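Read the structure below first, then the notes.
The values are calculated or read from the model by the stated rules, or taken from the named source; none is laboratory data. What you are looking at is a predicted structure, and each value in this text was computed from that prediction instead of being measured. For neighbour counting, all protein chains shown are included, and Cβ atoms are generated from backbone atoms with ideal geometry for every residue, glycine included.
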Amino acid sequence: FVESSTEFDRLWERSVMGVHALALPVPDRAVLYFDSAIVTTRRFFQFVRALQDYIGSNRRAFAFVALRPDPLAYFHENFDKYPAIVFSSNHSESDYVSALAADPGGSPADALAFNAERYVVLPEGDDWFVYADEAKETAALSGSRGLVAFAREYLAGDVLQPSPAFKLVD
């Protein structure tokens, strides 16, 4: 978990900017909707690594940041850390799944994999961005048209047509 307020503030700002950017149509970017249930799995970690290979990013770091429940009033207040985990190029898919399922401190039910209602996954760069809403069981990936076409093929069995109720609310 991220423990530095400076690091979390940077991730939070990028997360909020990403959500706002995802809500606005941009000519050179596309959006793909898929089942959010895969985001905390090994398959999604493999997908992120495949995306990084596709864009030639040499497997840079990426972060998982919970937006809800409230990161400060709930998560930091109760666990003295922030609901964000940064994964480096050294992490494996087992590390990813284990970290997301990790007890933040005396409350296994508050692990990010089980308690994050809305969250983002974002790389160091701005090549792509994922927003997920567990209540709507939907995630949205934003990226270049080529990247989204690659993702559509990779995630073929998980691609969704979003419900009219799906809205970016953070």
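Points to keep in mind about this one:
- Residue check for F166: aromatic (F, W, Y) and farther than 15 Å from R68 by Cα: yes
- The residues of region 21-48 that are basic (K, R) and either without any contact (Cβ under 8 Å) to a residue 24 or more places away in the chain or over 17 Å from F150 (Cα atoms) (or both), listed by number, are R42, R43.
- On the stretch given as region 75-98, residues that are closer than 27 Å to A50 by Cα, over 14 Å from the mean Cα position of the chain (by Cα) and surrounded by fewer than 18 Cβ atoms within 10 Å (Cβ to Cβ) total 8.
- For region 100-107, the criterion of being within 20 Å of A140 (Cα to Cα) and at pLDDT 95 or above is met by at least one residue.
- One residue stands out in region 12-31 among those that are modelled with pLDDT under 95 and among the charged types (D, E, K, R): the one that is nearest to the chain's Cα centre (by Cα), namely R29.
- Just one of the listed residues (S57, S36, S15) is surrounded by 14 or more Cβ atoms within 10 Å (Cβ to Cβ), in contact with a Gly (Cβ under 9 Å, 6 or more places away or on another chain) and hydroxyl-bearing (S, T, Y), namely S57.
- Hits in region 102-125 (condition: touching a residue at least 12 places away in the same chain (Cβ under 8 Å) and charged (D, E, K, R)): D110, E117, R118, E124
- Condition met for F47 (at pLDDT 95 or above, crowded, with 16+ Cβ neighbours inside 10 Å and in contact with a Phe, Trp or Tyr (Cβ under 8 Å, 6 or more places away or on another chain)): yes
- In region 134-169, of all residues being farther than 20 Å from Y119 by Cβ and of a type in the set (K, R), the one that is farthest from the chain's Cα centre (by Cα) corresponds to R145.
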